[in-house]
Amino acid sequence: MDETKDVISSGAGLAAVLPAEGSLGVAEPEAVVARGYWDQVWRRFRRDKIAIAGGLFIVFLLLTAYIGAPIAKRLLGHGPDDQFAGGLDPKTLLPVGPWTHVSTSPYLGAVGHYTSTLFVLGGDGQLGRDEFLRLLYGAQTSLEVAIGATVLSITVGVIMGAMAGFFGGVTDTIVSRLTEIVMAFPILLFIIALASTVGDRLNKITLGGIFGEGVVTLVLVLGFFGWYYPARIVRAQVLSLREKEFIEAARMVGASDARIIRSHLLPHLVAPIIVLSTITVAQFILAEAGLSFLGIGIQEPTPSWGQLLSVGPSYYLTQPWLMVWPGLAVLLATLAFNLLGDGLRDAFDPRAGGRS
């Protein structure tokens, strides 16, 4: 039997074979979609469920502090600074426990008809105030101090580190010596001296009532004494970037130093700045809590987590929950920011051996 053979010319080559293979049902390869840098960062970050949980908790914390607190104040019918005689047990003179309905009378034996109000987490101490509301409004104070100090320290640190790394020479020497001085400076003794001298006058600075008393003072102190670490990180990054080809190309076309730093160096510093900022917020939350616990941070009547913690040791045997609520708030907030920072670090650096 005669067999018919198809003859393919050498000029046709592979182009003539492909239609024949396509007719046999062989699937053509799918088009490859190029992904940008930020798309790859998001794909790596969304695989880290722990970091996403930390970010969601931070969003929940912000909503609770700035939206939930005013709503709770309106629903309960009293504010965080309102004092009630019913906030103390008349027999033991200890703060009432969680979920207690107390009289709104201003003092024991007050004449008149007074309604009752609910203390969700009990009283806050001898002044008969609502622990729950002071915890919510204390979140505002602690977050304002932490975020404000972070913005200030990161801004100063990026400027100083970029100048030191890019210009080098005398500028690098001056910035490095300033960094070492700030690192060795006894900040705790400085804050104690500041609080005992002009602290009361500085605490009155609230920028038109936007912030609570003492917030601006702590932001300035923590921010100006916390810029050294971001400066060291940024300086190291800029030292490695300033010798790259794109920096040399920018110099060759006549770009000024300010333009090179702004348009070519800073975009490459976004990743470490974001990661460092999240971790720094957690550190400043702890710093505010520690200073307020020692009595040299946020002062009465402004609520803060550290100030609430300072009351707890007086009742650690009789009312231990006075230490539990603000302690849990500080713990969960710092843990959330640290987990988010770890997740962002692993997402920005594909070579990092993260949890994903």
Problem - Where a residue in segment 70-84 is closer than 12 Å to Gly123 by Cα and in contact (Cβ under 8 Å) with a residue 24 or more places away in the chain and its partner, wherever it lies, is outside any loop (DSSP other than H, G, I, E, B) and open to solvent by 70 Å² or more (accessible area, probe 1.4 Å), with Cβ under 8 Å and at least six apart - result: Pro80/Lys73
Handout entry: From Val145, Val151, residue being in a helix (DSSP H, G or I), of a type in the set (A, V, I, L, M), touching a residue at least 24 places away in the same chain (Cβ under 8 Å) and in contact with an Asp or Glu (Cβ under 6 Å, 6 or more places away or on another chain)
Key = Val145
Exercise for the section: Give just the number: which of (1) more than 21 Å from the chain's Cα centre (by Cα); (2) in contact (Cβ under 8 Å) with a residue 60 or more places away in the chain; (3) open to solvent by less than 30 Å² (accessible area, probe 1.4 Å) does Val311 not satisfy? Expected result: (3)
Completion exercise
By residue number, the members of segment 265-301 that are open to solvent by less than 20 Å² (accessible area, probe 1.4 Å) and over 20 Å from the mean Cα position of the chain (by Cα) are Leu265
Problem - Failed item, numbered, when Ser196 is tested on (1) farther than 30 Å from Ile247 by Cβ; (2) buried (at least 23 other Cβ atoms within 10 Å of the Cβ) - result: (2)
Handout entry: First in segment 269-296 and over 17 Å from Trp227 (Cα atoms), second anywhere and among the acidic types (Asp, Glu) and surrounded by fewer than 23 Cβ atoms within 10 Å (Cβ to Cβ), Cβ under 8 Å, 6 or more apart
Key = Ala271/Asp349
Practice task
Might you let me know whether segment 222-235 holds any residue that is free of Cβ contacts under 8 Å to residues at least 60 places away in the same chain and aliphatic (A, V, I, L, M)?
Solution key: no
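Take segment 252-264 and flag every residue that is open to solvent by 20 Å² or more (accessible area, probe 1.4 Å) and on the phi < 0 side of the Ramachandran plot. Give the steps one after another, and end with the answer.
Residues of segment 252-264 that are open to solvent by 20 Å² or more (accessible area, probe 1.4 Å), as a first pass: 252-259, 261-264.
Once the filter is applied, which keeps residues that are open to solvent by 20 Å² or more (accessible area, probe 1.4 Å) and on the phi < 0 side of the Ramachandran plot, segment 252-264 yields Met252, Val253, Ala255, Ser256, Asp257, Ala258, Arg259, Ile261, Arg262, Ser263, His264.
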Practice task
Kindly indicate which of Thr155, Thr141 is crowded, with 20+ Cβ neighbours inside 10 Å, of a type in the set (Ser, Thr, Tyr) and either modelled with pLDDT of 95 or more or touching a helix residue (DSSP H, G or I) at 6+ places or on another chain (Cβ under 9 Å) (or both).
Solution key: Thr141
Practice task
Please find, among Leu133, Leu207, the residue that is under 30 Å from Ser310 (Cα atoms), part of a loop (DSSP other than H, G, I, E, B) and under 26 Å from the mean Cα position of the chain (by Cα).
Solution key: Leu207
Exercise for the section: Hey, can you tell me all the residues within segment 23-82 that are open to solvent by 100 Å² or more (accessible area, probe 1.4 Å), part of a helix (DSSP H, G or I) and modelled with pLDDT under 90? Expected result: Tyr37, Trp38
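Tell me which residues, restricted to segment 199-212, are open to solvent by less than 90 Å² (accessible area, probe 1.4 Å) and either out of contact with any Leu (no Cβ under 8 Å at 6 or more places or on another chain) or small (Gly, Ala, Ser) (or both). Walk me through how you get there before you give the answer.
If we filter segment 199-212 for residues that are open to solvent by less than 90 Å² (accessible area, probe 1.4 Å), which is where we start, we get 199, 202-203, 205-206, 208-209, 211-212.
Hits for segment 199-212 are Gly199, Asn203, Ile205, Thr206, Gly208, Gly209, Phe211, Gly212.
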Problem - Where a residue in segment 162-189 is farther than 11 Å from Tyr228 by Cβ and of a type in the set (A, V, I, L, M) and its partner, wherever it lies, is open to solvent by less than 20 Å² (accessible area, probe 1.4 Å) and not in a helix (DSSP H, G or I), with Cβ under 7 Å and at least six apart - result: none
Practice task
Name, by its number, the condition in (1) surrounded by fewer than 19 Cβ atoms within 10 Å (Cβ to Cβ); (2) of a type in the set (A, V, I, L, M, F, W, C); (3) at pLDDT 90 or above; (4) farther than 15 Å from Gly157 by Cβ that does not hold for Leu218.
Solution key: (1)
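The values are calculated or read from the model by the stated rules, or taken from the named source; none is laboratory data. Not measured: the values here are computed from a predicted model. As a convention, Cβ positions derive from the backbone with ideal geometry for all residues, glycine included, and neighbour counts pool all protein chains shown. Keep in mind that these areas ignore ligands, DNA and RNA; they rest on the heavy atoms of the full protein, side chains included. Shrake-Rupley method; radii C 1.70, N 1.55, O 1.52, S 1.80 Å.
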